[in-house]
Structures are given as C-alpha cells and as structure tokens.
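> Below you will find the structure I want to go over with you.
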C-alpha cells in the first residue's frame, strides 16, 4: 500500500476548485507533494459536477473536467460491474449506517486499490477505517 496515493471524495474536489472553501489551501498543496497520486471515480466526478450546479458555480465544471483529463497525477477509476457488486456488499455490511451508494463505491474502490487516505470532510470514511485528510468546517 502506497501512502502517497490519496482518494479524492466530492468534498475534496470541491475544496480543490473552490477558493472560498476552508480546505482549499490544503487541497492545493496535496498534489505538490513528491510522488503524490490522486484517485477518484466517475461516481465522485458526477457528484462533484452536480454539486457545482447546486452551489451556483456551474462555470467550474469545465475547469474540473479539464483538470481531471489533463492531470498526470489524477487517475479516474470507472465504477463498472465488479465495483458495483462490491459496493452493494459494503452497503449491506453497513446497512445500519447512512452511507450513500456512492460512498460504498468509493469504499470498494479504495479497498481494492489499497488506498487508506481520503481527501474528504465526510466522517463516513473514518467509520469504516479510512483516514480523512481534511477538516470538517462545521
């Protein structure tokens, strides 16, 4: 397991793009660390693009897609049939927790790739054993 690999959750992506986010500086510094690799999924990217609309910054969608498509350190993982099945297993294993299915796809991806750290403010990741790198501003 490579400790330089960090999973990007929706709140991490939002902080990376949005200069007003309290975690923005942390997210700008994160990719600058030597050997750093960032991993996210198409489900998270979908959530982030939708969040930009909901927060009234739809113009940032193009910037995000450009960053993901041109970055040498960001890897986009597609949630296909295997990850989908594994996410369902996570969901049923933790059915007493309010995890979204997208959270479960992230858990499945991180577990499969051996990723322990996540750029997020979502406490759900800590509940299943991952390490959050961002502070929750609330």
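> Okay, helix-only estimate at 222 nm for the chain: each DSSP H run of n ≥ 4 adds -39500 (n - 2.57), divide by all residues, round to 500 deg cm²/dmol; what do you get?
Helix contribution divided over all residues of the chain: -14500 deg cm²/dmol.
> Find how much the distance from residue 66 to residue 111 grows on full extension, using 0.36 nm per residue of separation minus their present alpha carbon separation; answer in nm with one decimal.
Extending this stretch completely gives an extra 13.5 nm.
> Roughly what angle does helix 42-54 make with the longest principal axis of the chain, taking Cα atoms, 0 to 90 degrees, to the nearest 10?
50 degrees
> For residue 75 and residue 97 in one chain, what is 0.36 nm times their gap in residues minus the Cα-Cα distance, to one decimal in nm?
5.1 nm
> If I model a spin label as a point 7 Å beyond the Cα along the Cα-Cβ vector, how far apart are those points for residue 24 and residue 3 in nm?
Inter-label distance under the simple model: 3.0 nm.
> Taking N as the number of residues in segment 5-132, what is its Cα Rg relative to 2.2 N^0.38 Å?
1.01
> Where in segment 4-23 does the amide nitrogen come within less than 13 Å of the point 7 Å from the Cα of residue 54, taken along Cα to Cβ?
Only 10-11, 14 fall inside the zone, counting backbone N under 13 Å.
> Here's something else I'd like to know. What angle, in degrees between 0 and 90 and rounded to the nearest 10, separates the Cα long axis of helix 81-93 from the longest principal axis of the Cα atoms of the chain?
It works out to around 70 degrees.
> Still on this structure: Over segment 5-132, what is the relative contact order in percent, taking alpha-carbon pairs closer than 8 angstrom and at least six residues apart?
31 percent
Throughout, read-outs are computed from the coordinates displayed, never taken from laboratory work. Computed from a prediction, not measured in an experiment: that's the story for all the values here. Heads up, the Cβs are rebuilt from the backbone with ideal geometry, glycines too, and the neighbour counts pull from every protein chain shown.
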